[in-house]
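Step one of this worksheet: look at the structure below.
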Amino acid sequence: MQSDIIIIGGGLIGCSIAIELAKGGLKVSVFDRGQLMKEASWAAAGMLAPQSELNAITPMFLLCQKSLQLYKGFVSKLQEFTGLDPCYRNEGFLQLAFEETAKALDKNMAWQIDAGLRVEKLTSSQLKKLSPTVSNKVASAYYLPDEHQVDNRKLAECILTMAEMVGVKFYLGAQVTEICIEQNKVVGIVANGERYYSAKVVNAAGSWASLFNLPKHFLPEVKPVRGQMIALKTEAGTLEHTLHFGSIYLVPRKDGKIIIGSTTEHVGYDKRVTPQGLEVLLSQAQKIVPKLASASFIEAWAGLRPATSDLLPVLGEHPQLPGLIFATGHYRNGILLTPITSSLITDFIVTGQTSEMLEDFSPSRFMLTAKAS
Ligand SMILES: Cc1cc2nc3c(=O)[nH]c(=O)nc-3n(C[C@H](O)[C@H](O)[C@H](O)COP(=O)(O)OP(=O)(O)OC[C@H]3O[C@@H](n4cnc5c(N)ncnc54)[C@H](O)[C@@H]3O)c2cc1C
């Protein structure tokens, strides 16, 4: 079976690239070893938040900021074509601290203010007005108007609907075990023991992206970092803004659901939810919004963030294996980076030109010069 492009991994990254390529008339096949969109892309909170996630103006910050700028157009187009609403919201974020961590928060906000990013220091009465359910004990509060959110599960539904509309072919339960190389060029893959042909293969396999047959020095190492999450049901309007409080965040959906995250754990491919993880999330969440003590529990889950050793994504073609393209390692920001990743990777595949924005994320930073056998 021959495709113009094979994509390994049916998460948001793989499927969004597939859509862009298929819209351009290419024959695109997506292989997923399980179901589509059921790993990190499903587990995430959907924050679109470069200022809250990063701590300096770096190439990564600029990539995230560019992607955030693309978001509104990205979701509008999806909504227009599919008739589905991915629930993109732009109310902004609140960064909060109690007395003991107020200084650290002030310091963290200072670089953003110095860099000219929009950050507003709030008095306690301004905070009460914006977010009446927040604890009276908050000692320092900032409003970040440019941080947004999307319901990543709804976004996933839109993307899958769109992918079907533009003719992407899906292979589900199709575990890719081999990326096939002949004369130092990619020629296809093996999935479930069967060979599929294409001169271009995109590795969008998230936390599993380095588990293929190629020698270790030919693949960037991507490791899983577990994040546990809880969803509570409250009355709609209990929170309007996403709250950041130390390492915990509360992301309110329109219907009153509040997503609370998250732990950062290096425990391999273990997706269990633990009492310890849940206790941290629930106790911190109730500390910052006491009313949550009487909310209803909906669900708890854990997902695996795909992390490289420098915590930056790997985007672009393998330096020694033409045709093998990486779009992975998005770690904590893959939902945010979906529009820019699909746009830049598609441009590269269609034109052969690498955007300057991709230079700092090239797979060549991990590669030795050995040849594939
Ligand atoms: C708890 C948590 C909270 C997060 N919150 C946010 C957030 O608020 N904002 C944000 O921007 N990002 C967030 N992230 C990060 C974001 O979810 C990820 O960066 C993003 O989803 C990565 O998408 P992906 O498509 O690369 O990977 P995934 O969604 O994991 O998809 C990879 C796919 O590849 C498939 N696959 C793997 N190996 C193979 C194989 N050999 N053959 C075939 N298929 C294979 C898998 O089955 C899977 O479907 C969070 C992540 C977690 C875990």
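Throughout, read-outs are computed from the coordinates displayed, never taken from laboratory work. Everything quoted here is computed from the prediction, not taken from an experiment. With ideal geometry, Cβ positions are generated from the backbone for all residues, glycine too; neighbour counts draw on all protein chains shown.
If the segment from LYS72 to SER125 were pulled out straight at 0.36 nm per residue, it would be longer than the present Cα-Cα gap by 15.9 nm. Of HIS217, HIS318, the sequence from fewest to most neighbouring Cβ atoms within 10 angstrom is HIS217, HIS318. Among VAL119, VAL350, the order by Cβ neighbours within 10 angstrom, fewest to most, reads VAL350, VAL119. A straight line joining the Cα centroids of segment 214-288 and segment 81-124 runs 18 Å.
A Förster distance of 25 Å, applied to the separation of the beta-carbon atoms of TYR197 and ASP360, puts the FRET efficiency at 0.15. Enter the angle in degrees (range 0 to 90, nearest 10) between the Cα long axis of helix 152-165 and the first principal axis of the Cα atoms of the chain, meaning the one along which they spread out most. With both axes taken from Cα atoms, the answer is about 30 degrees. Highest-first packing order for the peptide set 68-76, 205-213 is 205-213, 68-76, based on the mean count of other beta carbon atoms within 10 Å.
Under 5 Å from the amide H of GLU178 lie the amide H atoms of VAL190, each residue being 5 or more positions distant or on a separate chain, with H modelled from the backbone and absent for Pro and chain starts.
Calculated mean residue ellipticity, 222 nm, the chain: -9000 deg cm²/dmol, from DSSP H runs (n ≥ 4) at -39500 (n - 2.57) each, averaged per residue and rounded to 500. Helix 99-114 and the longest principal axis of the C-alpha atoms of the chain enclose an angle of approximately 60°. When the chain is treated as a Gaussian network with alpha carbon springs shorter than 10 Å, the biggest mean-square fluctuation among GLY46, GLY173, GLY227 belongs to GLY173.
Between VAL166 and GLU279, the C-beta separation translates, for a Förster distance of 35 Å, into a calculated FRET efficiency of about 0.20. To the nearest 10 degrees, how steep is helix 12-23 against the longest Cα principal axis of the chain, on a 0 to 90 scale? The two axes meet at around 50 degrees.
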